[in-house]
Amino acid sequence: DRDFHSWSTKQLANAKQICKQKGFRFGISNPSFEIWIILHFSDISLLLDSEKEEIKNNAKQGSRTKCEQIILAELNAYNKSNPNFGKLYPKIDHAISNAKKLTNNNSIDLLDNIGTNLFILIERLVNE
């Protein structure tokens, strides 16, 4: 979870380097985990750059972040501590496809760009 208020770019870059040295994969969602949920029903790669920037900034609007508001608009409910994965699971292939498009098949640096590489783990879990 890339939340800018929680982790500095330097801290995340250090964690990424340690993972690489130890042979681990580094999973990240930028700006937050909610980007993965949004990708179940939205192809963010098709949005205007200004819209992507608004999602990346993920500013609070009232008590909810931009990403949480997008989810609420689509699902009519969202509990951050207990997401309804039952509604999302049927669209998992769509989310994987959208994540790949958004990250150019995991070839962009997610420390600075919107997206998630969670699709790598999810694909492995679904295919096993």
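The values are calculated or read from the model by the stated rules, or taken from the named source; none is laboratory data. Computed from a predicted structure; not experimentally measured. Cβ atoms come from the backbone with ideal geometry, glycine included; neighbour counts cover every protein chain shown.
Which numbered condition trips up Ala73, out of (1) under 21 Å from Lys101 (Cα atoms); (2) at pLDDT below 95; (3) not polar (S, T, N, Q)?
Checking Ala73 against (1) under 21 Å from Lys101 (Cα atoms); (2) at pLDDT below 95; (3) not polar (S, T, N, Q), the one that fails is (1).
Which condition breaks for Ser50 when tested against (1) more than 17 Å from Lys101 (Cβ to Cβ); (2) under 13 Å from the mean Cα position of the chain (by Cα); (3) at pLDDT 95 or above; (4) not basic (Lys, Arg)?
Tallying (1) more than 17 Å from Lys101 (Cβ to Cβ); (2) under 13 Å from the mean Cα position of the chain (by Cα); (3) at pLDDT 95 or above; (4) not basic (Lys, Arg), Ser50 fails exactly one: (2).
Criterion first (surrounded by 15 or more Cβ atoms within 10 Å (Cβ to Cβ), touching a Phe, Trp or Tyr at 6+ places or on another chain (Cβ under 8 Å), modelled with pLDDT of 90 or more and charged (D, E, K, R)) does Glu123 satisfy it?
In short, no.
Tally up the residues in the stretch 91-108 that are assigned to a helix (DSSP H, G or I) and out of contact with any Gly (no Cβ under 6 Å at 6 or more places or on another chain), please.
11
Report whether or not Leu111 is surrounded by 15 or more Cβ atoms within 10 Å (Cβ to Cβ), in a loop (DSSP other than H, G, I, E, B) and among the hydrophobic types (A, V, I, L, M, F, W, C).
yes
Would you mind stating whether Ile71 is over 13 Å from the mean Cα position of the chain (by Cα) and closer than 24 Å to Trp7 by Cβ?
Criteria not met by Ile71.
Using the structure shown, decide if Pro90 is loosely packed, with under 11 Cβ neighbours inside 10 Å and within 16 Å of Ile122 (Cβ to Cβ).
yes
State all residues of the stretch 66-99 that are of a type in the set (Val, Ile, Thr) and farther than 17 Å from Ser32 by Cα; if no residue qualifies, say none.
Ile92
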